[in-house]
Amino acid sequence: MNIEYASNDLGGVNWTQLKSRLQVDEFDNGRTAAQLRESFANSDSTCFAFCDGDIVGTARALSDHVGSAYLLDVWTYGPFRRKGIARTMIDTLLAGLTGQHVYLQTDSPNFYERIGFSPRPTGMEIIVGTFLGADLTPSAASD
Ligand SMILES: CC(C)(COP(=O)(O)OP(=O)(O)OC[C@H]1O[C@@H](n2cnc3c(N)ncnc32)[C@H](O)[C@@H]1OP(=O)(O)O)[C@@H](O)C(=O)NCCC(=O)NCCS
């Protein structure tokens, strides 16, 4: 199995395929394929993993380029897990974040501890308005 990585290059990503695979893995948070592309395009750094041109992993980072960064959308497609793909993507992002405090929120703390992260108790959050600006009326839901 030949896994190829693309760093800070969105050109090879089939966003419809990514959306579909996130749904299969139940890791889809509701963004459309276009919103997924926009999320990655507006990030400070990105890393993707491909197998034969198909997307099998994603990771991205937001950063103030001084002392604070945040990791998001860390995902490896189910059939490709436990092969070092997420570790490689995160290592690639971290290499560009030297000197910064890198934070994230996760439901997979054991994975992050395995690759060197430490727990940081008590995350806090707020959603401003509705998530993704979604109109949740019944007629809009069927659009
Ligand atoms: C969590 C996730 C990203 C791991 O991806 P992966 O490509 O399988 O991870 P890697 O193969 O790079 O694993 C790196 C190390 O962590 C370990 N690991 C992987 N998943 C683990 C888990 N769920 N629990 C504990 N350890 C785990 C691996 O065994 C490996 O250890 P080793 O190198 O000492 O053998 C993947 O399971 C996933 O996409 N899950 C759903 C989405 C998610 O939860 N993302 C993170 C939330 S932000």
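The values are calculated or read from the model by the stated rules, or taken from the named source; none is laboratory data. In this text the structure is predicted, and so the values were computed from the model without any measurement. For neighbour counting, all protein chains shown are included, and Cβ atoms are generated from backbone atoms with ideal geometry for every residue, glycine included. In case anyone asks, the SASA skips ligands and DNA or RNA and just uses the protein heavy atoms, side chains included. Shrake-Rupley method; radii C 1.70, N 1.55, O 1.52, S 1.80 Å.
Within the range 1-15, residues that are exposed (fewer than 12 other Cβ atoms within 10 Å of the Cβ) and in a loop (DSSP other than H, G, I, E, B) have Cβ atoms under 8 Å from residues that are among the polar types (S, T, N, Q) and at pLDDT 95 or above in these pairs: Asp9/Thr46, counting only partners at least 6 apart in sequence or on another chain.
For the range 70-116, the set of residues classified as under 20 Å from Gln23 (Cα atoms), within 9 Å of the ligand (Cβ to nearest atom) and not polar (S, T, N, Q) consists of Leu72, Asp73, Val74, Trp75, Tyr77, Gly78, Phe80, Arg81, Arg82, Ile85, Ala86, Asp107, listed by residue number. Only a single item in (1) part of a loop (DSSP other than H, G, I, E, B); (2) open to solvent by 20 Å² or more (accessible area, probe 1.4 Å); (3) more than 19 Å from Leu104 (Cβ to Cβ); (4) not polar (S, T, N, Q) is not met by Asp28, and it is number (3). Go through (1) in a loop (DSSP other than H, G, I, E, B); (2) touching a residue at least 60 places away in the same chain (Cβ under 8 Å); (3) under 21 Å from Gly11 (Cα atoms) and name the single condition Ser43 misses. The failed condition is (2). Residue under question is Leu71, and the condition is that it be of a type in the set (A, V, I, L, M, F, W, C) and open to solvent by 30 Å² or more (accessible area, probe 1.4 Å); does it hold? Spelling it out, it is not the case that Leu71 is of a type in the set (A, V, I, L, M, F, W, C) and open to solvent by 30 Å² or more (accessible area, probe 1.4 Å).
Of the numbered criteria (1) in a strand (DSSP E or B); (2) open to solvent by less than 60 Å² (accessible area, probe 1.4 Å), the one Leu62 fails is (2). Just one of the listed residues (Phe80, Phe131, Phe111) is open to solvent by 50 Å² or more (accessible area, probe 1.4 Å), under 23 Å from Val56 (Cβ atoms), over 14 Å from the mean Cα position of the chain (by Cα) and not basic (Lys, Arg), and it is Phe111.
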